[in-house]
Amino acid sequence: MPIKRVKKVTTQPINVIFSHLTNQTRVKIWLYEDTRMTLEGTILGFDEYMNMTLDDAVECDTKKGRRTDVGRILLKGDAITLIQNVRPTPPVVST
């Protein structure tokens, strides 16, 4: 049986953030020093330091389940731990 070669594709983090920006997807951002708080919003812009502007931002307290509207905010890049879709796309089922 011949050996199959797998080509690895690397996606740069800036490309992932740019795809969220261009698709206007709502993202959840986990904060570095405050693990009980997350932010949700739509990315309006970002720079090379991962500072980003979020629109329609909501501050979510994961312990108490409380959500607070904060509007448009500027988030410093060194405060960001993780960025994920709020509504992830369903997995593709191959037939």
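Points to keep in mind about this one:
- Identity of the residue in segment 43-64, surrounded by fewer than 16 Cβ atoms within 10 Å (Cβ to Cβ), touching a strand residue (DSSP E or B) at 6+ places or on another chain (Cβ under 7 Å) and charged (D, E, K, R), that ends up farthest from Pro13 (Cα to Cα): Asp61
- Qualifying residue in segment 78-89 (condition: in a helix (DSSP H, G or I) and either open to solvent by less than 50 Å² (accessible area, probe 1.4 Å) or on the phi > 0 side of the Ramachandran plot (or both)): yes
- With a requirement of 1 or more residues that are farther than 16 Å from Arg87 by Cβ and touching a residue at least 40 places away in the same chain (Cβ under 8 Å), the strands (runs of 3 or more DSSP E) lying completely within segment 18-71 that satisfy it span 26-31.
The values are calculated or read from the model by the stated rules, or taken from the named source; none is laboratory data. Model, not experiment: these values are computed from the prediction. Every residue, glycine among them, receives a Cβ derived from its backbone with ideal geometry; neighbour counts consider all protein chains shown. These area figures cover heavy atoms from the full protein model, side chains too; ligands, DNA and RNA do not enter into them. Shrake-Rupley method; radii C 1.70, N 1.55, O 1.52, S 1.80 Å.
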